[in-house]
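The values are calculated or read from the model by the stated rules, or taken from the named source; none is laboratory data. It should be emphasised that the depicted structure is a prediction, and the values quoted were computed from it without experimental measurement. As a convention, Cβ positions derive from the backbone with ideal geometry for all residues, glycine included, and neighbour counts pool all protein chains shown. Protein only, heavy atoms only, side chains kept; ligands, DNA and RNA dropped before computing areas. Shrake-Rupley method; radii C 1.70, N 1.55, O 1.52, S 1.80 Å.
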Amino acid sequence: MPSLTRREAVQRAALLTVRNYRIALDLTMPGNRFCSDTTITFAASEPGASTFLDLRAAEVLSVHLNDEPVDPAGLTDGRLPLTGLRAENTLRVQALMAYSSDGEGIHRHVDPADGRTYLYAMSFLDAAPRWFACFDQPDLKAGYDIDVQCPPDWTVIGNSPASRTAPGHWQLSTTQPLATYFVTLVAGPYASVTAEHDGIVLGLHARASLAEHLEAEAADILGVTAASLDRYHELFGIRYPFQEYHQAFVPDFNAGAMENPGCVTLRDQYVFRSAATRGERCDRASTIAHEMAHMWFGDLVTMRWWDDLWLNESFAEYMGYRVCAELADSSGPDSPAALASLASLSWLEFGLHRKDWGRVADQAPSKHPVAGNGSEDAATALADFDGISYAKGASVLKQLAAHLGDEVFFAGLRLHFSRHRFGNAEFADLIEAWTEAGAQDLAGWAELWLRTSGLDTLTAEQRPDDGGPADVWLGRSSPDGTRRPHTVRVAGFDGSGRQLLDEQVTLHGDEVPVGRAAGPLRLVVADSGDDSWAKIRFGAAGWQAVAELLPRIEAAPTRVVLYNAIRDAVRDAELDSEQALDMVLAALAREPVELVTAELLQFATEKLAGCFAVPADRPARRARIAELAHRLLATAPPGSDAQLEAARAGIRASDDPDWLVAWEAGRQLPPGLVIDAELRWALVTRLAALGALSAADIDAELARDESTAGVVHAARARAMRPDPAAKADTWALLTQPSERPVYELYASAEGFFEPGQHELTAPYLPRFFAEMPGTAGHRRGWALGAVIGKAFPVAAASGEVLDLAEQTVAADRSLDPAVRRALVDGTDTLRRAVRSLRRSGRL
Ligand SMILES: [Zn+2]
């Protein structure tokens, strides 16, 4: 299926002005189809000209252009040619569309808990034609009028206020101008909580089977929502530009969330049904704030073409974490303590989780500049929707805000929003607005940071005092010779962990004097505030100093910088994975922030005891991780996050079925720890991976928790069982066409190549590379790349598997872009693992 090219989009936008979409949906038909009846009114600047419509219908019933029939047989590869346009046109398309199970178009989910059916529409990135006929590109905005016929007990929510006009009939009021990619509809017997803040109607929605949990979580979610709205009003100086603000928590959602104006859709794991930590609440809060930032940046002002998608995401990512970090301030002294406690974690989460994701992407063969990657068509843009577009872009904007100062940064944004409201703009327009607001040489700055790829290595060190300007210097090495400016803090510590230096400097050239320390330094940390985008190394003092001082450093952002340096260095084969494990476990024994403990224990289990260890070494490494988890459990306060995180880590690393079974039965539990649904599935999944559960045992667990989440956990547990028949069934699910919901596919993919089962799964290694590219024949969009990425056998790191992976990527030039990207990225991880194992003499 061809993907819309930039050239085609430019031509179509020059020709057409879309005035309105009127969409009537009949969601009451039996079977897997719904009826979509769309009337588009639009003008053409060149009467007599031709264009094409985007439509991916199961069956086209009729097409009329200006009351003349158009032969639907002309529809090829999702495009219907339209000829003989008039100055003003009316196009009506009646079609039967198929519900999807892959989270795009109109996704249909049947809740196993009660058999009720739920729908939501996801139009991003190019899925709108799967539910209505349209001119699908971001710069043909129009107002929408949507009518829906559905079962009488359903609720309907969309981009504009919905009213129930009769039982089973809903009408949505005319929207403001919207781009096709963020038009949505949420319909089903959803449970709702509504509120109002500052005159704006707020709605929260989730499946009826989650109603109790939605109600329990509503105060927290609404608190973050209201505080974020206030903060954006303050910062942007333009009121929330749409009408109501709904947040629908929906099943099988591919992304974290989607910024549909007036009706954000979010993955429904955010409606916690089991104990959740502050870290998880912080992640949810930053997602809420991220999507809300898009209401201005992305929705009110929309990129003209997908090559500026990075700017949408970088901006929302930066604002999301920033606003989340300021939640306590903006909601005043009466703010719930919970918000303040989340705020303190926000940038730590960004540094640990998001920046690590981005740094991996920015060093992979698939790396690309943040901006100006070309994106000649929509499919390429989706493949570049990665840690570079989010985390690196956000880090760069954080540097820019520091460079310009808030006053200029936000004055430029306000100008940009008011100038292009409800329209489209490009990056150059934003540069212009910032320049008018007082920014200088922004184009040069943007060139250095946004048009290059890869990251610098920053090293700070103390040199013998020669009476010069300083004894501590900050230096860089750049992979491409680019002199990206870094504004960072540099911290110096003596052998007892006492801080003897803390300075902010801006580095333009290859090195810059930092200052004079109050004594001899054992360790100097560049970018100790975690403000820039770089790899950090430690000069002559090296890893030994990091190992000694990491547990003693008080500032959490500095510890995050050190932990991230360890992770980078393992991937670069500069630091032996066994030595890294020693350092991480020693530091985590004294780590006070549970978010950090959780992230690093996961890295230790999945990577240091996974792909960066040969199979023979893995049990001993897992045992060391489990031992630390048990020590942490012994001292964690009952019912605390620390206790929950230690329990989760202990379960993941355990090779002891008896202990797991005892916990599952509620025996030997530390006081205050409750085995709720999610923790129980963690036990079941680990037991399944160890071969201690039969298929019938897993069915029995599912019978206890017949929920959407339960079905997904059961799929993962089945895929993990070390049993040839279980592997064969899972393999068929992963490689053959299937109507199973995507989350089941993803869980099965994650479970298949379980690290402890290399002999059982070895025959599937050549099959993975031979058969996965063929899934492009029946899978598309997010699901295609996600299944391959999640199943990729990184834990099978060996020279032979690496050869196989490299040959697959090199041999087939015609690989689908999503398949290629998933294979290239998986191969990069494999290559790094093999290099590390060879360097340590284990391979
Ligand atoms: Zn976003």
Working only within the stretch 241-261, note down all residues that are open to solvent by 20 Å² or more (accessible area, probe 1.4 Å), touching a residue at least 40 places away in the same chain (Cβ under 8 Å) and within 16 Å of the ligand (Cβ to nearest atom).
-> ASN254
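For THR808, are the conditions met, namely being open to solvent by less than 10 Å² (accessible area, probe 1.4 Å) and under 30 Å from ASP377 (Cβ atoms)? If you could, list the steps in order and put the result at the bottom.
Working: open to solvent by less than 10 Å² (accessible area, probe 1.4 Å): no; under 30 Å from ASP377 (Cβ atoms): yes.
No.
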Test result for ARG207, of a type in the set (Lys, Arg) and surrounded by 18 or more Cβ atoms within 10 Å (Cβ to Cβ) = yes
Determine which member of the set THR41, THR76 is open to solvent by 30 Å² or more (accessible area, probe 1.4 Å), of a type in the set (S, T, N, Q) and over 22 Å from VAL183 (Cβ atoms).
-> THR76
Looking at the stretch 742-787, what helices (runs of 4 or more DSSP H) fall wholly within it and have at least 2 residues that are surrounded by fewer than 20 Cβ atoms within 10 Å (Cβ to Cβ)?
-> 758-761, 764-771
Only one of GLU578, GLU599, GLU645, GLU627 is open to solvent by 60 Å² or more (accessible area, probe 1.4 Å) and either closer than 29 Å to PHE792 by Cβ or touching a strand residue (DSSP E or B) at 6+ places or on another chain (Cβ under 6 Å) (or both); which?
-> GLU578
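Per-residue answers, yes or no, for (1) within 26 Å of ARG278 (Cβ to Cβ); (2) among the polar types (S, T, N, Q):
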site: LYS535; (1), (2): no, no
site: LEU550; (1), (2): yes, no
site: ASN564; (1), (2): yes, yes
site: ARG571; (1), (2): no, no
site: LEU588; (1), (2): yes, no
site: PHE603; (1), (2): yes, no
site: ALA616; (1), (2): no, no
Elements of type strands (runs of 3 or more DSSP E) contained in the stretch 125-198, each with 3 or more residues being of a type outside the set (Val, Ile, Thr) | 143-149, 162-166, 169-172, 185-188, 191-197
Considering only the stretch 4-52, state which residues are under 20 Å from TRP131 (Cβ atoms) and hydroxyl-bearing (Ser, Thr, Tyr).
-> TYR21, THR28, SER36, THR38, THR39, THR41
Is it fair to say THR459 is of a type in the set (Val, Ile, Thr), at pLDDT 95 or above, under 30 Å from GLY539 (Cβ atoms) and surrounded by 14 or more Cβ atoms within 10 Å (Cβ to Cβ)?
-> yes
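Mind checking which residues of the stretch 378-403 are farther than 17 Å from GLY358 by Cα and open to solvent by 30 Å² or more (accessible area, probe 1.4 Å)? Steps first, please.
Start the filter on the stretch 378-403 by keeping residues that are farther than 17 Å from GLY358 by Cα, which leaves 378-380, 400-403.
ALA379, THR380, ALA402, HIS403 - these are the residues of the stretch 378-403 that are farther than 17 Å from GLY358 by Cα and open to solvent by 30 Å² or more (accessible area, probe 1.4 Å).
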Kindly list, by first and then second residue, each pair from a residue in the stretch 627-644 that is basic (Lys, Arg) to a residue that is open to solvent by less than 20 Å² (accessible area, probe 1.4 Å), limited to pairs with Cβ atoms under 9 Å and residues at least 6 apart or on different chains.
-> ARG631/ALA646
Any chance LEU85 is crowded, with 20+ Cβ neighbours inside 10 Å and over 39 Å from the mean Cα position of the chain (by Cα) = yes
Criterion (over 19 Å from the mean Cα position of the chain (by Cα), closer than 23 Å to SER344 by Cβ and among the small types (Gly, Ala, Ser)) met by exactly one of GLY279, GLY262, GLY237, GLY223 = GLY223
Selection within the stretch 262-290 - open to solvent by 10 Å² or more (accessible area, probe 1.4 Å) and either hydrophobic (A, V, I, L, M, F, W, C) or within 12 Å of the ligand (Cβ to nearest atom) (or both) = PHE272, ALA275, ALA276, THR287, HIS290
Test: residue in the stretch 11-25 that is touching a residue at least 12 places away in the same chain (Cβ under 8 Å), β-branched (Val, Ile, Thr) and farther than 30 Å from TRP154 by Cα | yes
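Looking at the stretch 51-73, which of the residues that are outside any strand (DSSP E or B) and under 39 Å from the mean Cα position of the chain (by Cα) is surrounded by the fewest Cβ atoms within 10 Å (Cβ to Cβ)? Walk me through it before giving the result.
Residues of the stretch 51-73 that are outside any strand (DSSP E or B), as a first pass: 55-58, 66-67, 70-73.
Still in the list and also under 39 Å from the mean Cα position of the chain (by Cα): 55-58, 72.
Numbers: LEU55: 24, ARG56: 21, ALA57: 23, ALA58: 13, PRO72: 17.
Taking the candidates together, the pick is ALA58.
Would you confirm, using the coordinates I've provided, whether ALA616 is farther than 26 Å from GLU759 by Cβ and either assigned to a helix (DSSP H, G or I) or under 29 Å from the mean Cα position of the chain (by Cα) (or both)? Write out each step before concluding.
On the way: farther than 26 Å from GLU759 by Cβ: no; either assigned to a helix (DSSP H, G or I) or under 29 Å from the mean Cα position of the chain (by Cα) (or both): yes.
The answer is no for ALA616.
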Which numbered condition GLY320 fails, given (1) within 11 Å of the ligand (Cβ to nearest atom); (2) part of a helix (DSSP H, G or I); (3) surrounded by fewer than 22 Cβ atoms within 10 Å (Cβ to Cβ) = (3)
Could you list, in sequence order, all residues of the stretch 296-317 that are more than 14 Å from LEU430 (Cα to Cα) and within 11 Å of the ligand (Cβ to nearest atom)?
-> ASP299, GLU313, ALA316, GLU317
Tabulated pairs, the stretch 561-587, first at positive phi, second crowded, with 21+ Cβ neighbours inside 10 Å and charged (D, E, K, R), C-beta under 8 angstrom, 6+ apart or interchain | ALA573/ARG832
Pairs with Cβ under 6 Å, 6+ apart, first in the stretch 791-816 and within 17 Å of PHE752 (Cβ to Cβ) and of a type in the set (Val, Ile, Thr), second open to solvent by less than 60 Å² (accessible area, probe 1.4 Å) and at pLDDT 95 or above | VAL794/CYS611; VAL794/THR829; VAL794/LEU830; VAL801/LEU765
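Name the one entry in THR83, THR38 that is touching a Lys or Arg at 6+ places or on another chain (Cβ under 8 Å) and modelled with pLDDT of 95 or more. Before you say what the answer is, go through the steps one by one.
Numbers: THR83 fails: touching a Lys or Arg at 6+ places or on another chain (Cβ under 8 Å).
Step by step, each of THR83, THR38 is checked, and only THR38 is touching a Lys or Arg at 6+ places or on another chain (Cβ under 8 Å) and modelled with pLDDT of 95 or more.
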Considering each residue of the stretch 502-553, count those that are under 23 Å from LEU455 (Cβ atoms), open to solvent by less than 20 Å² (accessible area, probe 1.4 Å), in a helix (DSSP H, G or I) and at pLDDT 95 or above, and give that number.
-> 3
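Would you confirm, using the coordinates I've provided, whether LEU61 is closer than 24 Å to ASN32 by Cα, touching a helix residue (DSSP H, G or I) at 6+ places or on another chain (Cβ under 7 Å) and touching a residue at least 24 places away in the same chain (Cβ under 8 Å)? Please lay out each step first, then the result.
Values: closer than 24 Å to ASN32 by Cα: yes; touching a helix residue (DSSP H, G or I) at 6+ places or on another chain (Cβ under 7 Å): no; touching a residue at least 24 places away in the same chain (Cβ under 8 Å): yes.
In short, no.
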